[in-house]
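Worksheet: one structure, shown below.
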Amino acid sequence: MEKVSVCGVSETMLQTLYARAAYSQGKAPLFVDAKAVEIVSEMDYDFTLAKKDAAMSSGVIARTILLDGMVGAFIRDNPSGTVINIACGMDTRVYRLDNGTIRWINIDLPEAIAVRRRFLPEERRISAIACSAMDARWAREIGQVSGEVLVVVEGLAMYLSEADVKAILSIISGRFARVKVIMEIMNPFIVGHVREKSIEATRAKFTWGAASGRELARLVPELAWVEDVSLVEGMKELYPVYRVIGKIPMIRNLSNKLAVLQKA
């Protein structure tokens, strides 16, 4: 067992890791995150709060189902493209979707990357950069990029400020002539009124929200809004009742969304 100690926003990566591992060992899962199962079994960390936080777990699984589909579609359409995974934490999507040719770059704070490298292998096509998402150094360190680029920003924006989000999007827009961005956003009402117990225990706090990706496009006009994909779509896969209640506008509007932006 390897003891792990991180705090704040970086610690949330352990809660989401556990959620994927636990779901993968349940009955008839829609995806199996074998890496997450393996890592949780090797990690000396108290996952008690994550085990009890059903709301957090459901959101993580719904988000994973949707992003696996969206990123998988990009890889099928662009088998030699590049995926940049900002705030990667202990994300293991590349090991589920790798086609043998895609380039995958994980980016997170140094303390998160240090933990990641203890458990997850890197190779020539799969690499990591220890750097803040708001520091343009990561964009320079990537070097030459050929083909289409997808940037995924999962589970981060709600812990930042609007200025931070604008900085990230500006770095992306300034670095790539053609790029698609998928950024998870949280409704401002949820930011101000809802707490997830396992996340709150890490002392991470929700601080910023946006009702639609249209607000992101207004921050950085070079990026055009394409669509918002509500996490309700993922919840429908988990719980059939969401096929009914998911039609209620308030439910769809208050759910986290995956905002898709494009610079062509």
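The values are calculated or read from the model by the stated rules, or taken from the named source; none is laboratory data. Quick caveat, the model's predicted, so the values are computed rather than measured. Every residue, glycine among them, receives a Cβ derived from its backbone with ideal geometry; neighbour counts consider all protein chains shown. All accessible areas refer to the heavy atoms of the entire protein, side chains included, with ligands and DNA or RNA removed. Shrake-Rupley method; radii C 1.70, N 1.55, O 1.52, S 1.80 Å.
Here the stretch 91-237 exposes an accessible surface that is 49 percent carbon and sulfur, computed with a 1.4 Å probe and the other protein chains kept in place. Each peptide in 9-21, 175-187 was scored by the mean count of other Cβ atoms within 10 Å over its residues; highest first, the order is 9-21, 175-187. Computed from the Cα positions only, the extents of the stretch 22-127 along the three principal axes stand at 40, 31, 19 Å, in decreasing order. So, in Å, what gap is there between the alpha-carbon centers of the stretch 173-187 and the stretch 114-138? Centre-to-centre (Cα) distance: 19 Å. The Rg/Rh ratio for the chain is 0.93, where Rg is the radius of gyration of the alpha carbons and Rh is the Kirkwood radius. Here the contact order of the chain, divided by its residue count and restricted to Cα pairs under 8 Å and six or more residues apart, works out to 19 percent.
Expressed in units of 2.2 N^0.38 Å, where N is the residue count, the Cα radius of gyration of the stretch 201-264 is 1.33. Label sites at residue 222 and residue 73, each approximated as a point 7 angstrom past Cα along Cα to Cβ, lie 2.6 nm apart.
Legend: residue pairs 35/180; 35/205; 27/180, Cα-Cα distance threshold 30 Å; pairs beyond threshold, 27/180.
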